[in-house]
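A quick write-up on the structure given underneath.
The values are calculated or read from the model by the stated rules, or taken from the named source; none is laboratory data. Owing to the predicted nature of the structure, the values given are computational and were not obtained by experimental measurement. Cβ atoms come from the backbone with ideal geometry, glycine included; neighbour counts cover every protein chain shown.
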């Protein structure tokens, strides 16, 4: 696992301390080297005015055009994402590919009429990032309730699982 190289690409000017905490968690879960990069893309082509959301498929395609050779890259956003078959998504990845995206937008308690909780929001975002990066390493959804690779459609799903891989997924990650 030590040969892994992952780049977190910030597209929202997240605070440096915020990105460093995410980077540390990603490094602990995957091993290898984790890099942080600031970037910009024009999201206007990805915006669907009828839905007032951003098309995750189009954004993922944009990120794919920015790949760093030898690295897995995940774009970090603060926009409301969707794919045509779902009302919203927290993130998306190419299974076994090089790129993924994750958005913090729907991970805020305020979206659900609850009190602000930045620590909970950070924990949710870490889980989404680890989950989506897991897909880039070929991991599929896991059936174990506590595994970070379990499918998560709602924030309650994220809150119930851990930010770690189960033994079976960890073994697949090491073997892959």
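Out of curiosity, is residue 48 free of Cβ contacts under 8 Å to residues at least 40 places away in the same chain and touching a helix residue (DSSP H, G or I) at 6+ places or on another chain (Cβ under 6 Å)?
no
Looking only at residues in region 136-158 that are surrounded by 19 or more Cβ atoms within 10 Å (Cβ to Cβ) and under 16 Å from residue 103 (Cα atoms), which one is farthest from the chain's Cα centre (by Cα)?
Across region 136-158, the extreme among qualifying residues is 155.
In the list 67, 63, 74, 101, which residue meets the criterion of being under 22 Å from residue 19 (Cα atoms), assigned to a loop (DSSP other than H, G, I, E, B) and either touching a residue at least 60 places away in the same chain (Cβ under 8 Å) or within 17 Å of the chain's Cα centre (by Cα) (or both)?
On the way: 63 fails: assigned to a loop (DSSP other than H, G, I, E, B); 74 fails: assigned to a loop (DSSP other than H, G, I, E, B); 101 fails: assigned to a loop (DSSP other than H, G, I, E, B).
Going through 67, 63, 74, 101 in turn, the sole match is 67.
Please enumerate the residues belonging to region 16-43 that are assigned to a helix (DSSP H, G or I) and over 23 Å from residue 79 (Cβ atoms).
24, 27, 28, 29, 30
Return the only residue of 91, 96, 75 being surrounded by fewer than 20 Cβ atoms within 10 Å (Cβ to Cβ) and either touching a helix residue (DSSP H, G or I) at 6+ places or on another chain (Cβ under 8 Å) or modelled with pLDDT under 95 (or both).
Going through 91, 96, 75 in turn, the sole match is 96.
Counting only residues that are in contact with a strand residue (DSSP E or B) (Cβ under 8 Å, 6 or more places away or on another chain) and buried (at least 17 other Cβ atoms within 10 Å of the Cβ), which one in region 24-35 is farthest from residue 148 (Cα to Cα)?
Taking the candidates together, the pick is 34.
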